[in-house]
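Working notes for the structure below.
The values are calculated or read from the model by the stated rules, or taken from the named source; none is laboratory data. A quick note: this is a predicted structure, and the numbers were derived from the prediction, not measured. Cβ placement follows ideal geometry from the backbone for every residue including glycine, while neighbour counts extend to all protein chains displayed.
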Amino acid sequence: MTDKENEQGGSRKVIYAAILANLGIAVAKFVVAAITGSAAMLAEGIHSAVDTGNEFLLLIGERNSEKPADKRHPFGYGKALYFWALLVALSVFSLGGGLSIYHGISALRHPEPLEDPMWNYVVLAVSACFEGYSWNVSRKELNKRRKPGASLWQTVHASKDASVFTVFIEDTAALLGLTIAAAGITLGFVFDSPYFDPAASIMIGLLLVGAAFALARETGALLVGEGIGTEATRRVCEILRADPAIQEVGKLLSMQLGPDDVLLTAAVQFNRGMRIDEVEAAIERLEKAVAAAYPAIQHIYFESGALRSALR
């Protein structure tokens, strides 16, 4: 099995773990919210239901991104994953954040006393276990891509696999949301006040809005066309310059076409006087050297102007 297949399998594992966790949790939260009348628990139920739907959107994105290249899309469909991940961000913002804030404000205007919070605590505890498991699966997958000395958030920012970092951000928001819900329910019970619970619902909504912006920022950059970064570009430049056929290396341009698919164009000056067959051999040699260092760089093009100059 190739590294690419391993990473795709890891992404699917993260999504399936999140679906199983969120689906069961959403049902339990809605049932308990109906029994106890907790606005915070209802907000958490909405959160889990939205997350479940979002994982299915990511699965659609995964499948679409694996379509082979065709005449209409000569570089493949890798960016389809980023499109569907952006839809997930919009879903978290509108359905998750918007509905939670709306219901919290409505409950503040028409407060109702909470029932016995015991069932709320039971569901929150069980939810924390399931969400923690799903979060840990995504964390482990991120750690496989983690560079030495990099923080987890830096790894998320550097990751090109939208499925993994989307689930990680969602699960992180879910664990924080559970903490907020537990605090709101507890404070409402201790102080015998109906206002803490809906306030927690509003805070959960604001948390989801923040998570949505974080997702939109990461996926939007990849959808527009993100490069491989300064360090990787410098390393590729060194590889090209080390070849005896290269006289000068100009601008290198790169774009992420998918989680494991990069387009690279290089303006290079070959040694003057080289024959066409020598240039072709040099290009093949350079492609192999770059691909060995960065397997994700699957499309390498040398600027035609530089080649024409080299062949004069």
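Answer with yes or no whether GLU231 is modelled with pLDDT under 95, part of a helix (DSSP H, G or I) and farther than 22 Å from ASP51 by Cα. Criteria met by GLU231. Could you please let me know if THR179 is of a type in the set (Ser, Thr, Tyr) and more than 23 Å from GLU115 (Cα to Cα)? Here the answer is no, as THR179 does not meet what is asked.
Selection within the stretch 21-57: residues that are under 17 Å from THR172 (Cα atoms), aliphatic (A, V, I, L, M) and in contact with a Ser or Thr (Cβ under 8 Å, 6 or more places away or on another chain). The member of this set that is surrounded by the fewest Cβ atoms within 10 Å (Cβ to Cβ) is LEU23. Looking only at residues of the stretch 234-253 that are part of a helix (DSSP H, G or I) and not basic (Lys, Arg), we find that the one that is surrounded by the most Cβ atoms within 10 Å (Cβ to Cβ) is VAL236.
Here ILE35, ILE60 are screened, and the one residue that is modelled with pLDDT under 90 and touching a helix residue (DSSP H, G or I) at 6+ places or on another chain (Cβ under 7 Å) is ILE35.
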